[in-house]
Every structure is written in C-alpha cells, then in structure tokens.
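Engineer: Take a look at this one; I'll ask things after.
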Amino acid sequence: AQELTSRLEEYLGVENLLLVSNGTLALQIAYRALGINEPVNGKAAEAVTTPFTFIATASSLKWDGIQPVFADIDPETWSLAPENIAAKITPQTRAIVPVHVFGNACDVEEIDKIASQNKLKVVYDASHAFDVRIKGKSILSWGDASTLSFHATKLFHTVDGGAIVFKYESDLKRAQEIINFGLSDPHTISE
C-alpha cells in the first residue's frame with residue numbers, strides 16, 4: 001500500500017493520498033474527515049450535488065446523514081453548473097459535492113469561489129477523472145478533497161479500490177484514524 005500510494009502521488013502530481021477499499025467509502029471518509037456529516041442547528045447537514053452521476057454519490061451522503069440537494073448540470077460538460085449551485089445553498093449547507101463526469105472537469109475555479117464565499121467544503125467525486133489536468137495541474141488538487149474509484153470499470157483499476165486526495169495533511173491524518181478503527185494511538189480511540 002505504501003508503494004502504491006507514493007507511486008500514485010508521484011504519477012498524479014498530488015500529496016496527501018489515502019488508499020481505501022472503494023470509491024463510495026472514499027466519499028464517506030472524506031465527509032467524516034472534513035466534518036461535513038455533523039448536523040447544523042440540530043438538523044441534518046446538506047450538500048449540493050448533481051443528480052447526473054452514479055447513485056453512490058447521493059447514497060454516500062444519505063448514509064452519512066447528509067441531505068443531498070440536487071442542482072442541474074451544464075449541458076456541454078455534463079458536470080454540475082456553478083450558476084445552479086448558489087440558489088441551492090441554505091443555512092443547512094455544509095458542502096458542495098461536484099462530479100467530474102466522464103473526465104469532463106467541473107468549473108473548479110467558479111466552484112472554489114462559491115465555496116469560499118459561503119464557507120463550504122468541496123469534495124469532488126473524481127472517479128472518472130484519473131490523471132485529468134487543468135492548466136498543467138492535477139484536477140485532484142482542487143477542493144478540500146477529491147475521491148477516486150479503482151473499480152474495474154475505471155481507466156485505472158485494481159479490480160476494486162479507491163483513494164482520497166486531501167488538500168491538507170491534517171485532514172489526511174484524521175482520515176487515517178477513521179479507517180484505523182478510530183485509534184489515534186494504541187490506547188486511545190478518538191473517533
């Protein structure tokens with residue numbers, strides 16, 4: 001796992017990559033590591049996402065107690081259209097979960113602006129975007145986290161499997177604890 005992690009980080013041009021068992025779990029771990037699943041004012045958090053994706057994008061939100069709120073796609077890229085995101089943001093919104101569909105990159109710069117203005121986390125479902133680049137930079141380096149699937153139907157696969165690329169090492173460390181049964185050391189369960 002350590003060799004695959006370092007080789008993927010080098011090949012993709014990213015840091016803070018965590019291997020997991022599949023792409024759906026990658027999304028769930030990212031939500032938990034970033035605190036997106038925590039309720040807002042005693043009610044379920046919301047995440048703006050797209051309905052034009054595999055069901056795991058929405059079901060992973062529901063499984064973690066997050067209400068998916070669907071916004072429409074750009075008809076040319078098939079990815080979540082930034083102009084449709086803002087109207088869906090409420091006080092319950094904690095995150096934006098865009099999907100790079102069929103390798104077509106979302107408008108990451110506009111989504112980043114919307115997230116910054118509204119203090120939201122961004123988790124990209126990049127299952128179809130292995131080694132996609134924008135302006136010479138890996139698409140996986142945008143947002144607070146980007147998730148990959150290594151399912152047999154993907155461009156790069158390990159039969160099944162997945163990964164998360166975190167923007168910050170502190171989020172990677174939290175995710176590592178989460179997948180290690182919440183153990184922060186041999187005698188302490190912090191998650």
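The values are calculated or read from the model by the stated rules, or taken from the named source; none is laboratory data. Quick caveat: nothing in here was measured; it's all calculated off a predicted structure. Ligands, DNA and RNA are stripped out before the accessible areas are found, and what is left, the full protein with its side chains, is counted by its heavy atoms. Shrake-Rupley method; radii C 1.70, N 1.55, O 1.52, S 1.80 Å.
Engineer: Per-residue accessible area for residue 54 at 1.4 Å probe radius, Å² rounded to 10?
Structural biologist: Result for residue 54: roughly 150 Å² accessible.
Engineer: With an 8 Å Cα cut-off and a minimum separation of 6 or more residues, compute the relative contact order for the chain in percent.
Structural biologist: Relative CO of the chain lands at 25 percent.
Engineer: Same structure, new question: Which percent of the Cα-Cα distances in the chain go past 20 Å?
Structural biologist: Roughly 51 percent, rounded to a whole number.
Engineer: From largest accessible area down, sort 146, 127; use a 1.4 Å probe on the protein chains.
Structural biologist: 127, 146
Engineer: Looking at the chain, what % of its DSSP beta bridges pair antiparallel, to the nearest 5?
Structural biologist: 55 percent
Engineer: Using a 1.4 Å probe and ignoring any ligands, DNA or RNA, find the accessible area of residue 8 and quote it in Å² to the nearest 10.
Structural biologist: Solvent-accessible area, nearest 10 Å²: 10 Å².
Engineer: Would you list 100, 128, 187 from the most to the least accessible area, probe 1.4 Å?
Structural biologist: Most to least solvent-accessible, the answer reads 187, 128, 100.
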